[in-house]
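Following: one structure in structure tokens, then a few remarks.
The values are calculated or read from the model by the stated rules, or taken from the named source; none is laboratory data. Remember, it's a predicted structure, so these values are computed and weren't measured experimentally. For neighbour counting, all protein chains shown are included, and Cβ atoms are generated from backbone atoms with ideal geometry for every residue, glycine included.
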Protein chains: 2
Amino acid sequence: MIDSEPTDPWGVPRLELFERLERSLEGDGERAVATVVGVDGSAYRRPGAKMLLGSDGSTYGGITAGCLEGPLREVAGEVLADGSPTVVTFDLTDDDDGWGLGLGCEGVVDVLVEPVDDSWSDPVEAFGAGERRATVTVVDGTDSLPVGARTTVPAEGEPIDPDDRPAVPENVLEAVLADARERAADGRWERRTVATDGGDVDLFVDGIEPVKRLLVFGGQPDVRPVTRLAREVGLEVTVATARGAQADESSFPRADRVVATHPSDLGDLVDDRTFVVVMSHNLLDDRLALEALLSTPAPFIGLMGPRERFERLRDDLQEESVTLTDEDRDRIASPVGLDLGGGEPVEIALSIVSEVLAVSNDREGGRLRDRAGPIHERSPSEPSEPSPPSD
Amino acid sequence: MIDSEPTDPWGVPRLELFERLERSLEGDGERAVATVVGVDGSAYRRPGAKMLLGSDGSTYGGITAGCLEGPLREVAGEVLADGSPTVVTFDLTDDDDGWGLGLGCEGVVDVLVEPVDDSWSDPVEAFGAGERRATVTVVDGTDSLPVGARTTVPAEGEPIDPDDRPAVPENVLEAVLADARERAADGRWERRTVATDGGDVDLFVDGIEPVKRLLVFGGQPDVRPVTRLAREVGLEVTVATARGAQADESSFPRADRVVATHPSDLGDLVDDRTFVVVMSHNLLDDRLALEALLSTPAPFIGLMGPRERFERLRDDLQEESVTLTDEDRDRIASPVGLDLGGGEPVEIALSIVSEVLAVSNDREGGRLRDRAGPIHERSPSEPSEPSPPSD
């Protein structure tokens, strides 16, 4: 956990937002959370984007490029005063003051503003633990089912009702439960309308992708820029070194954790959300590390060094009857990094962190201008191109 | 200029190294500079990589992954004591202490260690001014031509001899002058041997690529993560905003410069080394900016926003009889950024900065593992693949 205040609270990554939300739950920090729950037209952030707001006007994170922060502060003040979640709709389609001209504020944006209460405890804990959740929240209710009513749906396991606000009733949840589990699993969002005796209820299903972890195996100075940049873009970073003397937090001040380990034991630090970069510079250690990592569910194993070095590692493994499967080849990146062409340590770090982010989002890097289709992944409830709307 | 001390002096980018070198020239900071001038086999950094060393053992930058810093400190102490440049060769091919096993220290590395003196004044000034230079330095001399003798060669203009150390004699320089001008222009390096009456002289030609500049047009909070990451990887950053009230250094603490300008005047801030990202979020301002930038030599014009927005800008320009040439289409990146898939402000910033770095190095930003050929650009004097050695 990094203690220092960020120099740019607006631009904090999701990891830091959830860390702050955890502090808010403990009574320290902003007490309201705003979530984009619907967008029609152009918007700066996608649904699911969040920011925190304090009763003193402080903010943490940002969900617009500057156009809605003022009004949102006022709404948050009201929500914190009376304790009731609310959805506000900002219609900027007729905005005439110049901001509307393509600011990413020219559409209609729905924002749920709510107090930070116990309904957040499970999702925040799950985020940090790498477990998958979707919150199902009423964003347009009825007389008997208020805005903000919420039930949290794990990817696996029973739905969780909050203690301090209404739950989504079972008959309503039933209609979206299977899809909510899918959103928990894939981290995407959707809007759903469910008919009830009291009238239609609009739900926002918010798949909360858990923290992404980066494990760096190595202890040389070139680990530092990787750690720094990775943390800056919101990866939780563990540095593991085979040399005990280097397992020193002060050597890697931006790492969440620094551990000394035998390379054969690296698997203990890895789950299916842990991206790994092997950069000990020691061929034997790297081989032991690779061998250990192959029997883990790590989705990405990056190996620092030229192609020939990887081929030698692969041959060495072969001699021990360890053969790489197609799946292994798919998750091994060697040489690690995107092709940015820079040779300085910080440029190499940028290349590595960019590749990790791309792979974590099922992308290949490459230039966006050369890519067909929309930049952002669509929600299951948004029409995608070129296939027709699925519902 | 950023005043704060870096948290990681080892991993500083070239921009900060040259800023520090400028301070050293003024008498403040490390007084020795070490440059990799030759590599045979595997090495962590390529020739041309530099670090600074102080007589108190302090270092700034790094040219190895940790294996040579100790010995280099000793050499620097000796060089600073007697004032004479020297070349040390580290042969790690028979290294048996474990470091040699693929650390990137298993080859033979030649390092020139020299005092920071007047011979650096012109190259350092040129670096900051965006002008192209190559230093030509004796790395293996004769009785009459010592190691460290240097002449600086501009891409255009007359060679510059230093005041306080021997120059490369005209008859020796003559043999490499044309190539040195090319290295000044392309920023690459080469080793050359020239026969003289006193024996063979080895020269290191060090093409010093000047600072890369990033101009960000915009004033919203999303400019901040771009500025921060760009500075961190060594781009000199100017933020230009069309809204005077936002032209506030405190809003963009990592920017080298914050200026208020009319978008039509953006060209005044651009040279042929200035990469530009247009992200004002205002369609009219962006159009005026794009129109102004088209008549500059900017090698890269990134436009924030979806493809459709760029198409509208292009159509608007067309109505004013401004038609994009093929060259314009080649330098315009819209949507700006590499395809990393992240939607958070800091992820978008990472995507933008990665694309700028890739384009500045003539790369396309895909995954290195999918790229054929060597990771690093070869020196003109290194054999390239698959073509045979050129000399």
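Counting just the residues of the stretch A:284-295 that are of a type outside the set (Lys, Arg) and in contact with an Asp or Glu (Cβ under 8 Å, 6 or more places away or on another chain), which one comes out surrounded by the most Cβ atoms within 10 Å (Cβ to Cβ)?
Top of the filtered list is A:ALA292.
B:ARG224 passes all but one of (1) of a type outside the set (A, V, I, L, M); (2) in contact with a helix residue (DSSP H, G or I) (Cβ under 9 Å, 6 or more places away or on another chain); (3) within 28 Å of B:GLU131 (Cβ to Cβ); (4) within 14 Å of chain A (Cβ to nearest Cβ); which number fails?
It is condition (3) that B:ARG224 fails.
For a quick check of your reading of the model, give me the residue pairs whose first member lies in the stretch B:146-169 and is farther than 21 Å from B:VAL116 by Cβ, whose second is of a type in the set (D, E, K, R) and assigned to a strand (DSSP E or B), with beta-carbon atoms closer than 9 Å and at least 6 apart or on different chains.
Filtered contacts from the stretch B:146-169: B:ALA155/B:ARG133.
Residue-by-condition table, conditions (1) of a type in the set (Asp, Glu); (2) assigned to a strand (DSSP E or B); (3) surrounded by fewer than 22 Cβ atoms within 10 Å (Cβ to Cβ); (4) modelled with pLDDT under 95:
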| site | (1), (2), (3), (4) |
| --- | --- |
| B:GLY57 | no, no, yes, yes |
| B:GLU74 | yes, no, yes, yes |
| B:LEU101 | no, no, yes, yes |
| B:THR135 | no, yes, no, no |
| B:PRO146 | no, no, yes, no |
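Could you please find all residues in the stretch B:85-99 being touching a helix residue (DSSP H, G or I) at 6+ places or on another chain (Cβ under 9 Å) and either at pLDDT below 95 or more than 27 Å from B:ALA185 (Cβ to Cβ) (or both)?
Within the stretch B:85-99, B:THR86, B:VAL88, B:PHE90, B:GLY98 qualify.
Does B:LEU284 fit the bill of being farther than 29 Å from A:LEU350 by Cβ and within 9 Å of another protein chain (Cβ to nearest Cβ)?
Numbers: farther than 29 Å from A:LEU350 by Cβ: yes; within 9 Å of another protein chain (Cβ to nearest Cβ): yes.
Answer is yes for this residue.
Looking at (1) more than 25 Å from A:THR59 (Cα to Cα); (2) touching a Gly at 6+ places or on another chain (Cβ under 8 Å); (3) free of Cβ contacts under 8 Å to residues at least 40 places away in the same chain, can you tell me which one B:ARG257 breaks?
The one condition B:ARG257 does not meet is (2).
Residues that are under 23 Å from B:GLY343 (Cβ atoms), at least 1 per element: which strands (runs of 3 or more DSSP E) completely within the stretch B:213-269 meet that?
Filter on the stretch B:213-269 gives B:213-217, B:236-241.
State yes or no: is B:GLY218 outside the structural domain of B:ASP40 (by TED's automatic domain parsing), touching a strand residue (DSSP E or B) at 6+ places or on another chain (Cβ under 7 Å), buried (at least 23 other Cβ atoms within 10 Å of the Cβ) and not aliphatic (A, V, I, L, M)? Write out each step before concluding.
Working: outside the structural domain of B:ASP40 (by TED's automatic domain parsing): yes; touching a strand residue (DSSP E or B) at 6+ places or on another chain (Cβ under 7 Å): yes; buried (at least 23 other Cβ atoms within 10 Å of the Cβ): yes; not aliphatic (A, V, I, L, M): yes.
It is true that B:GLY218 is outside the structural domain of B:ASP40 (by TED's automatic domain parsing), touching a strand residue (DSSP E or B) at 6+ places or on another chain (Cβ under 7 Å), buried (at least 23 other Cβ atoms within 10 Å of the Cβ) and not aliphatic (A, V, I, L, M).
Within the stretch A:305-333, work out how many residues are within 25 Å of the chain's Cα centre (by Cα) and buried (at least 18 other Cβ atoms within 10 Å of the Cβ).
3
Determine whether the stretch B:300-320 contains at least one residue that is at positive phi, small (Gly, Ala, Ser) and modelled with pLDDT under 90.
yes
For the stretch B:337-346, does any single residue satisfy the condition of being closer than 17 Å to B:LEU215 by Cβ and either facing another protein chain (nearest Cβ under 8 Å) or modelled with pLDDT of 95 or more (or both)?
Checked against the condition, which is being closer than 17 Å to B:LEU215 by Cβ and either facing another protein chain (nearest Cβ under 8 Å) or modelled with pLDDT of 95 or more (or both), the stretch B:337-346 yields at least one hit.
Looking only at the stretch B:180-209, which residues are touching a residue at least 60 places away in the same chain (Cβ under 8 Å), in a strand (DSSP E or B) and either closer than 17 Å to B:ALA167 by Cβ or not small (Gly, Ala, Ser) (or both)?
Listed by number, the residues that qualify are B:TRP189, B:GLU190, B:ARG191, B:ARG192, B:ASP200, B:VAL201, B:ASP202, B:LEU203, B:PHE204, B:VAL205, B:ASP206, B:ILE208.
When you scan the stretch A:199-219, do you find a residue that is away from every other protein chain (no Cβ under 14 Å), farther than 16 Å from A:GLY302 by Cα and among the small types (Gly, Ala, Ser), even just one?
Yes, the stretch A:199-219 has at least one match.
For the subset of the stretch A:5-34 comprising residues that are under 19 Å from A:SER121 (Cβ atoms) and of a type in the set (A, V, I, L, M, F, W, C), which member is surrounded by the fewest Cβ atoms within 10 Å (Cβ to Cβ)?
A:LEU25
Restricting attention to the stretch B:35-55, report how many residues are more than 20 Å from A:GLU347 (Cα to Cα) and either part of a loop (DSSP other than H, G, I, E, B) or more than 14 Å from every other protein chain (Cβ to nearest Cβ) (or both). Steps first, answer last, please.
Applying the first criterion (more than 20 Å from A:GLU347 (Cα to Cα)) to the stretch B:35-55 yields B:37-41, B:53-55.
Okay, now just the ones that are also either part of a loop (DSSP other than H, G, I, E, B) or more than 14 Å from every other protein chain (Cβ to nearest Cβ) (or both), so B:37-38, B:40-41, B:53-55.
The number of residues fulfilling the criteria is 7.
So which of A:ASP315, A:ASP362, A:ASP330 ends up being without any contact (Cβ under 8 Å) to a residue 12 or more places away in the chain, under 30 Å from A:GLY48 (Cβ atoms) and assigned to a helix (DSSP H, G or I)?
Values: A:ASP315 fails: under 30 Å from A:GLY48 (Cβ atoms); A:ASP362 fails: assigned to a helix (DSSP H, G or I).
Within the list A:ASP315, A:ASP362, A:ASP330, the selection yields A:ASP330.
Residues that are buried (at least 24 other Cβ atoms within 10 Å of the Cβ) and within 30 Å of B:ASP143 (Cα to Cα): does the stretch B:240-249 have at least one? First the steps, then the outcome.
First pass over the stretch B:240-249, keeping only residues buried (at least 24 other Cβ atoms within 10 Å of the Cβ): B:240-241.
This time we only want the ones that are within 30 Å of B:ASP143 (Cα to Cα), so: none.
There is no residue in the stretch B:240-249 that is buried (at least 24 other Cβ atoms within 10 Å of the Cβ) and within 30 Å of B:ASP143 (Cα to Cα).
If I ask for residues that are farther than 15 Å from B:ALA349 by Cβ and facing chain B (nearest Cβ under 7 Å), which ones from the stretch A:347-360 would you list?
A:GLU347, A:GLU355
List the residue pairs whose Cβ atoms are under 9 Å apart, where the first residue sits in the stretch A:118-137 and is closer than 23 Å to A:PRO169 by Cβ and in the same structural domain as A:PHE204 (by TED's automatic domain parsing), the second is assigned to a helix (DSSP H, G or I) and basic (Lys, Arg), and the two are 6 or more positions apart or on different chains.
So the pair list comes out as A:ALA134/A:ARG181; A:ALA134/A:ARG183; A:VAL136/A:ARG183.
Residues are listed down the side, and each one gets a yes or a no for (1) among the aliphatic types (A, V, I, L, M); (2) touching a residue at least 60 places away in the same chain (Cβ under 8 Å); (3) in a helix (DSSP H, G or I):
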position	(1), (2), (3)
A:VAL277	yes, yes, no
A:SER280	no, yes, no
A:ALA289	yes, yes, yes
A:ILE301	yes, no, no
A:GLU311	no, no, yes
A:VAL322	yes, no, no
A:ILE352	yes, yes, yes
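Taking the stretch B:191-214, which residues are under 21 Å from B:THR86 (Cβ atoms) and of a type outside the set (Val, Ile, Thr)?
Scanning the stretch B:191-214 gives B:ARG191, B:ARG192, B:GLY198, B:GLY199, B:ASP200, B:ASP202, B:LEU203, B:PHE204, B:ASP206.
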